[in-house]
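*Asks:* This is the structure, below, for whatever I ask next.
We did not get these values from a lab; they are worked out from the coordinates using the rules stated. These numbers come from a predicted model, not from an experiment. We place every Cβ from the backbone using ideal geometry, glycine too, and count neighbours over all the protein chains shown.
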Amino acid sequence: MKVSRRRFAKTGSAALVGLSFKGERTMAGSFVNDSFDSGHRLRDRAAFSPVQRVETFPVVIVGGGIAGLSAAWQLNRRGFKDFVLLEMEREAGGNARSGENEVTKYPWAAHYVPAPGPGATYARELFEELGALRNGRWDERYLCFTPQERLFLHGRWQEGVEPATGLSTADHDQFRKLDDLLAGFRARGQFTIPMERGLGTDAAGLDRISFSAWLRAQGLDSRPLHWYMNYCCRDDYGALASQTSAWAGIHYFASREHEDDGGTLTWPEGNGWIVRQLLQRVAPFVRTDRMVHRIAQRGRGYSVLSGTTEYQCEFVIFAAPTFLAPYLVEGIPPLPSFEYSPWLTANLTMERLPASADVTWDNVVMESPALGYVDAMHQSVRTHIGRTVWTFYWALADGSAAQNRQLLLDQDWRSWKEAILRDLERVHPDIRACVSRVDIMRMGHAMARPTVGAIYDPARRRMAALQGRLLFANSDLSGFSIFEEAQYRGVRAAEHVLGVVGGSAVLRRPTGLR
Amino acid sequence: MDILLFVSVLLIAACGLIYELVAGTLASYLLGDSVLQFSTIIGCYLFAMGIGSAMSRYIDRGLAYRFVWIELVLGVVGGFSSAGLFLAFAYARGFELILYATVLLIGVLVGLEIPLLMRIVRDRYDFRDAVAHVLTFDYLGALAASLLFPILLVPYLGLVRSAMLFGMINVAVALWSTFLFAGELPGRRGLRAGCAVALCALGVGMAEANRIAYAADENIYADEIILSRDTAYQHIVLTRFKDDLRLFLSSHLQFSSRDEYRYHEALVHPGLSAVPAPRRVLVLGGGDGLAVREILKYPQIESITLVDLDPEMTHLFSTHPMLTTLNKGSLQSPRVHVTNADAFPWIDDNQESFDFIVIDFPDPTNYSLGKLYTTAFYRAVARHLSAQGVIVVQSTSPMFARDSFWCIAETLKQSGLRTYPYHLYVPSFGEWGFVIASTRDYTAPTTLPAGLSFLNVAGLPALFQFPPDMAAVPMPANRLNDQVLVRAYYRDWKDISH
């Protein structure tokens, strides 16, 4: 992995500085969905307009990602309809946002959910309601089609992302040893999804060392093995294995049943499909373009300020990223242990597939600093695919997060586009002749990083406990951003609201304010 | 001088016969029925020679000059005849007209040769000797040509280049004659220039023979490619060996006109004849219109919807004379509605119901085609089935791809259908299999349409019997998220083809 990291630095900067445009077709595109401005206004505690009108709701949900939408879904499902969800962006969805052009829908961030096992009750309830799970069987149209994943190494593609070709006997033995170790963790049942279900104190030691240190402590030093572990950490956590808590690294593998058990749920627009399904049910409660800039205690409840409106409520479900809380809520101390990884995703409109491509769903290149690309038309039932969209993922895992955030802001679209195309040129030399458009989304705080100590961090555990009338629900409270955790925390927060005061008159107003 | 003159006679005789043999061979390969083709070509050719001989009496002056011209023109026309006819067959209408016009022209020119030559040499020899020598070498040339043609020329050069080679020899004789008859030729320089140009043209033709008619330079004993087309979706190749027309889609054999009736009768009738009062039929794939041809044998059927991905395929089988002869113009029947669409999305978006559904896709050779053999697809298809309806699925070979065949049957079963697998022998394919699937019990029909060549009611039960070497093997169902079928198919065929 060290090699590829160094290469990242080299190729990254070469691509950013070099910039040659020999014989390139005109390629359209731009940065999309930028939200730096509003975020930075919060950070800099800019002045906001005075309140002009007041609305009253028993419950206000702050943030319209999976956690917030799931809270809304649960409230609505339980017949409670007197609430509002405030979303900062023009569209709800958060890390599950998606886009659509004349070719296909495509994801902007999260693009799959491993079919939730029996322990993920809420997630299974949702998928049953959405028709993806019937009589214990997943609808095959929502499961990732064959062929699923491939890895480019030693100059050719292999099936699957775990390196399997060109391994020495020692490498094989180490992969097998790691499998056994992980099977042991799996059997013990401490690594669960949702993670809280199995979280005990006896695994706390694993949270005190990094994943790569833990691997070495087990005598695992195989380079392909470390590459793969690193790749998994970059892919799921936007972090290197050396930055990731060993607990989280193990959780990635030990929390799920064996891979081929349930399969992987995915859609052309990624988890945007789930967002659309949730919005079909809760859209009337969702107000977009509503950035909350202040949450203050007011009597028993809270006052939530957004624009010129004050929302007075009994309960706040805070489903936005938790690191925002100190900037919004009075009395919340800074949260230094909450770290987030900067990400870049790009959607490439492909007029045709490169000559070398026999594209699978997920395509990973070992030598690349990026995470590879996903083909949006893969889940199409068409037999003949002409144009398509590739979603290119790049977690800026190496180096300091702050510097990488600055890099995201400093480099213009053209530079990033070049860096992306150069990366793809490693395996598709004719890529430039195929791409007509490159749209790029920059996310400064895309995913929570389960750094060493993050899982058992007392501050995080305190925020995660549902207490009082300000309830935190973002997936970052689990230490990492995955759909199941977000959905679980959103539903749990809604349950808490309904449970604590379900029978009280406050929540039973005869008319809503819609 | 003498011997060189008679060698010229031998050569031009050989050239004449080669052109005739080329035309005859080409006609029988392209049009089939070699006895008829050879007879008519030879007849036409000899008749034209008679015309040529008769015309020779109207040539009074400049005999040597005209002789050289005739040889030159003959060399060019004969030399390019084969390539021209191949191109005409591929690209022009009225091939037979062009063929016989060419044969007629060559015959007339050849018919002029000997009478003119005899008159040129009559002053040099005694008449008796002239006739004897000229005709002797003429017949010797014919013998040489008729032996060379099948043994050396066709196998090693092919039809296109053989004709060109002899065209060049013909032009060389013309050139040589300008020296031979130098005394009687005033405009020698122009003639020699003409010969040089003709030789160059034929030389280029020889070198480019592959491109002029890629089909023709192949070993003549392999099938002639009479149509080769790259569409947006596949590579369509039509070959013909005598009266056997074969269609290949992306290198996979789709049918041979000699035995396709077995395949298509077996594909359609066991299922369709078992449906009480069928009115509406859906055919998925099958752009060749051959299954539709069988379905049209049921007068009570009101509407047949054919969904095939490739518009060029259905257009070809609606318009090409050889192909519409084969499918009896089925795609142009007013009862048939052709839709060019990807089958899976079409099935998802369509709301109609059908009494009989034929699924006749190419074999599951890749994951794209494999989607059309999944439980998801069969479930979607089954939603279009009327209460009494029956589905039949092309299911590869239970002999050569046993796992694949039974995987398809299992996939249909796990899609909630009752399955009735059967098979038959198709010489060009080997043992081939189909699966009938229905939501109700299926019983073999007690009547079949009249005039079938393969199926009869008594023979039906045997189709459903599988001998031990093709008997069912336990296989998982093929699903979108786990395409076991494509892997099995790959294994099955790899085992056979080493």
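*Asks:* Could you tell me the relative contact order of chain B? Use alpha-carbon pairs under 8 Å, at least six residues apart, and round to a whole percent. Mind showing how you got there, number by number?
*Replies:* Working: 879 pairs, mean separation 61.8, N = 498.
With pairs under 8 Å counted, the relative contact order is 12 percent.
*Asks:* How high is the FRET efficiency from A:R156 to B:K328, r the C-beta distance, R0 41 Å, rounded to 0.05? Please list the in-between numbers first.
*Replies:* Values: r = 49 Å, r/R0 = 1.21.
Using R0 = 41 Å, I get an efficiency of 0.25.
*Asks:* 5 Å is the cut-off here: which amide hydrogens, built 1.01 Å from N in the peptide plane, fall below it relative to A:E100, excluding neighbours closer than 5 in sequence?
*Replies:* For A:E100, whose amide H was placed from the backbone, the distant partners under 5 Å are A:Y106.
*Asks:* HN-Hα J couplings of region B:275-281 from phi, Karplus 6.51/-1.76/1.60, θ = phi - 60°, integer Hz, Gly and Pro as x?
*Replies:* For region B:275-281, the Karplus curve yields 8, x, 6, x, 10, 10, 10 Hz.
*Asks:* Let me ask something else about it. Please find the FRET efficiency linking B:A462 to B:R440, where r is the Cβ-Cβ separation and R0 is fixed at 25 Å, and quote it to the nearest 0.05.
*Replies:* Working: r = 23 Å, r/R0 = 0.93.
After rounding to 0.05, the efficiency reads 0.60.
*Asks:* If you fit an axis through the alpha-carbon atoms of helix B:158-180 and take the longest principal axis of the Cα set of chain B, what angle between them do you get, 0 to 90°, nearest 10?
*Replies:* On a 0 to 90 degree scale, this one is about 10.
*Asks:* Related question: For region B:256-497, what is the percent of antiparallel DSSP beta bridges, rounded to the nearest 5? Provide the component values of the computation, followed by the final result.
*Replies:* Details: 14 of 33 bridges.
Beta bridges within region B:256-497, antiparallel portion: roughly 40 percent.
*Asks:* Along the positive direction of the dipole of the protein assembly as shown (beta-carbon charges: Lys, Arg +1; Asp, Glu -1; about the Cα centre), which of B:G433, B:G459, A:L86 reaches farthest?
*Replies:* Comparing the listed Cα positions along the dipole, A:L86 ranks first.
*Asks:* Please go through the residue pairs A:K105/B:K371; B:K371/B:K494; A:K105/A:K417; B:K297/B:K371; A:K417/B:K371 and name each one whose alpha carbons sit more than 25 Å apart in this structure.
*Replies:* Working: A:K105/B:K371 20 Å; B:K371/B:K494 21 Å; A:K105/A:K417 21 Å; B:K297/B:K371 31 Å; A:K417/B:K371 34 Å.
The answer is B:K297/B:K371; A:K417/B:K371.
*Asks:* Then there is this: Pairs of alpha-carbon atoms within less than 8 angstrom and 6+ residues apart define the contacts here; what relative contact order does region B:256-497 have, in percent? Walk me through the numbers on the way to the answer.
*Replies:* Values: 477 pairs, mean separation 54.5, N = 242.
That works out to 23 percent.
*Asks:* So the label point goes 7 Å from the Cα of A:S168 along Cα→C-beta, right? Which residues of region A:192-229 then have their backbone N under 19 Å from it?
*Replies:* Taking a point 7 Å out along Cα→Cβ of A:S168, the residues of region A:192-229 whose backbone N falls under 19 Å are A:215-229.
*Asks:* Additional query: Which value at 222 nm does chain A reach when only helices count, each DSSP H run of 4 or more adding -39,500 (n - 2.57), with the total divided by all residues and rounded to the nearest 500 deg cm²/dmol?
*Replies:* Numbers: 15 runs with 165 residues, N = 514.
Computed mean residue ellipticity for chain A: -9500 deg cm²/dmol.
*Asks:* How high is the FRET efficiency between B:T136 and B:S228 when r is their beta carbon distance and R₀ equals 60 Å, given to the nearest 0.05? Could the numbers behind the result be given before it?
*Replies:* On the way: r = 46 Å, r/R0 = 0.77.
Rounded to the nearest 0.05, the efficiency is 0.85.
*Asks:* Could you tally the net charge around B:L104, taking each other residue with its Cβ under 15 Å from the Cβ of B:L104, Lys/Arg +1 and Asp/Glu -1?
*Replies:* On the way: positive: none; negative: B:E20, B:E96.
Result for the local shell: -2.
*Asks:* To test your reading of the geometry: what angle, between 0 and 90 degrees and rounded to tens, separates the Cα axis of helix A:169-188 from the longest principal axis of chain A?
*Replies:* Once rounded, one gets 20 degrees.
*Asks:* Sticking with this structure for a sec: Whose amide H sits under 5 Å from the amide H of A:E55, counting only residues 5 or more places off or on another chain, with H placed in the peptide plane?
*Replies:* Result for A:E55 returns A:E310, A:Y311, A:Q312.
*Asks:* Where in region A:301-339 is the amide nitrogen less than 16 Å from a point lying 7 Å along the Cα-to-Cβ axis of A:D37?
*Replies:* A:307
*Asks:* Where the only charges are on Cβ atoms (+1 Lys, Arg; -1 Asp, Glu), what is the dipole of region B:2-212 about its Cα centre, to the nearest 20 debye? Walk me through the numbers on the way to the answer.
*Replies:* Numbers: 13 positive and 13 negative charges, 96 e Å.
Here the size comes out at about 460 debye.
*Asks:* Only Lys, Arg, Asp and Glu count, each charged at its Cβ (+1, +1, -1, -1), so figure out the dipole size of chain A about its Cα centre, rounded to 20 debye.
*Replies:* Values: 61 positive and 57 negative charges, 224 e Å.
In total the dipole reaches around 1080 debye.
*Asks:* Using helices alone, what [θ] at 222 nm do you get for chain B, with -39,500 (n - 2.57) per DSSP H run of 4 or more residues, divided over all residues and rounded to the nearest 500? Could the numbers behind the result be given before it?
*Replies:* Working: 18 runs with 262 residues, N = 498.
Helix-only estimate at 222 nm: -17000 deg cm²/dmol.
*Asks:* Dipole of region B:302-439 (Lys/Arg Cβ +1, Asp/Glu Cβ -1, origin at the Cα centre): which of B:L316, B:P421, B:S397 lies farthest to the positive side?
*Replies:* Toward the positive end, the furthest listed residue is B:P421.
*Asks:* Return the percentage of antiparallel bridges among DSSP beta bridges fully within the protein assembly as shown, rounded to the nearest 5 %. Working shown, then result.
*Replies:* Numbers: 81 of 126 bridges.
About 65 percent, rounded to the nearest 5.
*Asks:* Please give the Cα centre distance for region B:385-449 versus region B:1-28, rounded to the nearest Å.
*Replies:* If we compute the Cα centre of each part, the gap is 58 Å.
*Asks:* Where does the charge balance sit around B:E431 when Lys and Arg score +1, Asp and Glu -1, over other residues with C-beta under 12 Å from its C-beta? All intermediate terms of the calculation are to be shown ahead of the outcome.
*Replies:* Numbers: positive: B:R262, B:R402; negative: B:D469.
Taking every Cβ under 12 Å from that of B:E431, the sum is +1.
*Asks:* Looking only at chymotrypsin sites (Phe, Trp or Tyr not before Pro) in DSSP loops with at most 16 other Cβ atoms within 10 Å, what is the longest site-free stretch of chain A? Please list the in-between numbers first.
*Replies:* Details: sites that count: A:F21, A:F48.
Maximal segment without exposed cleavage sites: A:49-514.
*Asks:* Averaging over every viewing direction, what projected area does the convex hull of the Cα atoms of chain A cover, in nm²? Write down the numbers at each step before the final one.
*Replies:* Working: hull surface 95.8 nm².
About 23.9 nm², averaged over all directions.
*Asks:* Another one. With the Cα gyration tensor of region B:256-497 giving a ≥ b ≥ c as the square roots of its eigenvalues, does the rule (a/c under 1.5 for rounded; else a/b larger than b/c for prolate; else oblate) give rounded, prolate or oblate? Please list the in-between numbers first.
*Replies:* Details: a/c = 1.30, a/b = 1.22, b/c = 1.06.
Verdict is rounded for region B:256-497.
*Asks:* Convert each backbone phi in region B:251-267 into a coupling constant with the Karplus relation 6.51 cos²θ - 1.76 cosθ + 1.60 (shift: θ = phi - 60°), then list the ³J(HN,Hα) values in order as whole Hz, x for Gly and Pro.
*Replies:* 6, 9, 5, 9, 6, 10, 5, 6, 10, 4, 4, 5, 4, 6, 5, 6, 5
*Asks:* With only Lys, Arg, Asp and Glu charged, each at its Cβ (+1 for the first two, -1 for the last two), find how big the charge dipole of region A:168-258 is about the Cα centre; round to the nearest 20 debye.
*Replies:* Working: 10 positive and 11 negative charges, 13 e Å.
For region A:168-258, the charge dipole is close to 60 debye.
*Asks:* Can you find, among B:L159, B:H133, B:F181, the residue farthest towards the positive end of the dipole of region B:2-212? Put +1 on the C-beta of Lys and Arg, -1 on that of Asp and Glu.
*Replies:* B:F181
*Asks:* Sticking with this one: On a 0 to 90° scale, report how tilted helix B:2-31 is relative to the longest principal axis of chain B, with both axes built from alpha carbons and the result rounded to the nearest 10.
*Replies:* Approximately 20 degrees, to the nearest 10.
*Asks:* Would you give the gap between the C-alpha center of region B:250-300 and the C-alpha center of region A:135-170, rounded to a whole Å?
*Replies:* Cα centroid to Cα centroid, the span is 39 Å.
*Asks:* Quick one: check the C-alpha center-to-center distance for region B:455-497 versus region A:92-125, whole angstrom.
*Replies:* Measuring centre to centre over Cα atoms gives 38 Å.
*Asks:* Roughly what would the spin-label model give for B:S353 and A:S415, points 7 Å off Cα along C-beta, in nm?
*Replies:* In this crude label model, B:S353 to A:S415 measures out at 6.4 nm.
*Asks:* Another question about this same structure. Quick one: 3J(HN,Hα) in Hz for region B:337-352, Karplus 6.51/-1.76/1.60 with θ = phi - 60°, rounded, Gly and Pro as x.
*Replies:* 10, 8, 10, 9, 7, 6, 4, 5, x, 4, 4, 5, 8, 7, 10, 6
*Asks:* Amide H of A:V435 versus every other amide H placed in the peptide plane: which residues, excluding those fewer than 5 positions away on the same chain, fall under 5 Å?
*Replies:* Under 5 Å from the amide H of A:V435: A:E351.
*Asks:* For every other residue with a beta carbon closer than 13 angstrom to the beta carbon of A:E89, add +1 if it is Lys or Arg and -1 if Asp or Glu, then tell me the sum.
*Replies:* Working: positive: A:R90, A:R97, A:R287, A:R290; negative: A:D34, A:D37, A:E87, A:E91, A:D289.
Surrounding charge for A:E89 is -1.
*Asks:* Could you work out the relative contact order of region B:2-212, using alpha carbon pairs under 8 angstrom and six or more residues apart, expressed as a whole percent?
*Replies:* Relative contact order here is 36 percent.
*Asks:* Need one number: nm distance between label points at A:R90 and A:Q218, each 7 Å from Cα along Cα→Cβ, rounded to one decimal.
*Replies:* My value for the distance between the label points is 4.7 nm.
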